[in-house]
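What follows is a set of notes on a single structure, which appears directly below.
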């Protein structure tokens, strides 16, 4: 650990410990007895786990509805809880750990394939990338759609950096549901890449998308596939469960039906190309990480000793060949696995209908 990181950990520790002294139960809403998607009471526990990435205190449960197969966090985190568990994930002392365990952003090839997928149906004039972060997708998509104007929307300050760096023409800071009315009818293409899983109400996001899109505009969604066979094989070590950050895992059929009821026409569905080849490497890394001495992070009551940090680094070096072997399998197996139900994500492209 560098001196700079160690200093930031020490600076943030008092605030974290003060938060944790009040308990983590307050970060959860009351437990639901009905499915938030279809209203059925036929719920069963699909998964119980802890925070396997940052190791912040708390236990999280995913329930599955036996009526519609919707999977959701129950009890769900409150907005305060979401802020607490997301803090430091991508820009604090825990950022390096998160990136190593879950991987960096999608590679250039995957980003370009997204743009090509929508270009097959339209060459939009203006495109809004929702949940854009630092807008890597818009910056690359210009190679495929040079005459399209790209804007970004995100609650974080990365979208403002994206504007400064020229990656997007305009940056909208906030959530889609907050800003939908002010952006009504402004765009003829929108993208939501692994965005809906993080939102408290995916249906509300889809309604907001319809508001922002012009009639005839296209909406592209990529999302984790809760029907992926890896969920049964890897259990809580499947990276796309990603607790506590993922609040909803929407089955493809449910999403298609909802889009249709909102007046969209589904024009493209893909379950192979959106697959992210990382399941085995992430599972191995998470499993090993759970056995290593813990990192020195602000939410630890006692700072890690130099010996603990040395042992941790030695364990990571020793285990690196195992993670590398799993990563090699991830990269070589997709041609077979994505044909047999192991694709971990899906893509939907839908066209907004005319207003009645």
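The values are calculated or read from the model by the stated rules, or taken from the named source; none is laboratory data. The structure displayed is predicted, hence computed values, not measured ones. As a convention, Cβ positions derive from the backbone with ideal geometry for all residues, glycine included, and neighbour counts pool all protein chains shown.
Consider residue 169 carefully, then state whether it is over 19 Å from residue 121 (Cβ atoms) and part of a helix (DSSP H, G or I). Answer is no for this residue. When each of 104, 87 is tested for being more than 28 Å from residue 273 (Cα to Cα), surrounded by fewer than 22 Cβ atoms within 10 Å (Cβ to Cβ), out of contact with any strand residue (DSSP E or B) (no Cβ under 9 Å at 6 or more places or on another chain) and at pLDDT below 95, the lone residue that passes is 87.
From 213, 249, grab the single residue that is under 21 Å from residue 177 (Cα atoms), in contact with a helix residue (DSSP H, G or I) (Cβ under 7 Å, 6 or more places away or on another chain) and at pLDDT 95 or above. Write out each step before concluding.
On the way: 213 fails: in contact with a helix residue (DSSP H, G or I) (Cβ under 7 Å, 6 or more places away or on another chain).
The conditions single out 249.
Of all the listed residues (339, 351, 302), the sole one being free of Cβ contacts under 8 Å to residues at least 12 places away in the same chain and either assigned to a loop (DSSP other than H, G, I, E, B) or closer than 30 Å to residue 195 by Cα (or both) is 302. Total residues in segment 144-158 satisfying the condition of being surrounded by 16 or more Cβ atoms within 10 Å (Cβ to Cβ) and modelled with pLDDT of 95 or more: the figure is 9. Among the residues of segment 286-302, is there at least one that is surrounded by 15 or more Cβ atoms within 10 Å (Cβ to Cβ) and farther than 30 Å from residue 19 by Cα? No: zero hits.
The set of residues in segment 1-48 being more than 15 Å from residue 85 (Cα to Cα), modelled with pLDDT of 95 or more and either buried (at least 16 other Cβ atoms within 10 Å of the Cβ) or touching a helix residue (DSSP H, G or I) at 6+ places or on another chain (Cβ under 6 Å) (or both) consists of 35, 36, 37, 43, 46, 47.
The number of residues in segment 117-141 being outside any helix (DSSP H, G or I) and either at positive phi or in contact with a strand residue (DSSP E or B) (Cβ under 8 Å, 6 or more places away or on another chain) (or both) comes to 14. Taking segment 264-274 as the range and being in a loop (DSSP other than H, G, I, E, B) and in contact with a strand residue (DSSP E or B) (Cβ under 6 Å, 6 or more places away or on another chain) as the test, the residues that pass are 271, 274.
Of the residues 260, 282, 332, 265, only one is surrounded by 14 or more Cβ atoms within 10 Å (Cβ to Cβ) and at pLDDT 95 or above; which? I'd like the intermediate steps shown before the answer.
Numbers: 260 fails: surrounded by 14 or more Cβ atoms within 10 Å (Cβ to Cβ); 332 fails: surrounded by 14 or more Cβ atoms within 10 Å (Cβ to Cβ); 265 fails: surrounded by 14 or more Cβ atoms within 10 Å (Cβ to Cβ).
The match here is 282.
On the basis of being surrounded by fewer than 20 Cβ atoms within 10 Å (Cβ to Cβ) and out of contact with any helix residue (DSSP H, G or I) (no Cβ under 6 Å at 6 or more places or on another chain), does residue 200 make the cut? For residue 200, the condition - surrounded by fewer than 20 Cβ atoms within 10 Å (Cβ to Cβ) and out of contact with any helix residue (DSSP H, G or I) (no Cβ under 6 Å at 6 or more places or on another chain) - is met. Within segment 214-231, is there a residue that is assigned to a helix (DSSP H, G or I) and in contact with a strand residue (DSSP E or B) (Cβ under 6 Å, 6 or more places away or on another chain)? Looking for residues that are assigned to a helix (DSSP H, G or I) and in contact with a strand residue (DSSP E or B) (Cβ under 6 Å, 6 or more places away or on another chain), one finds none in segment 214-231, hence no.
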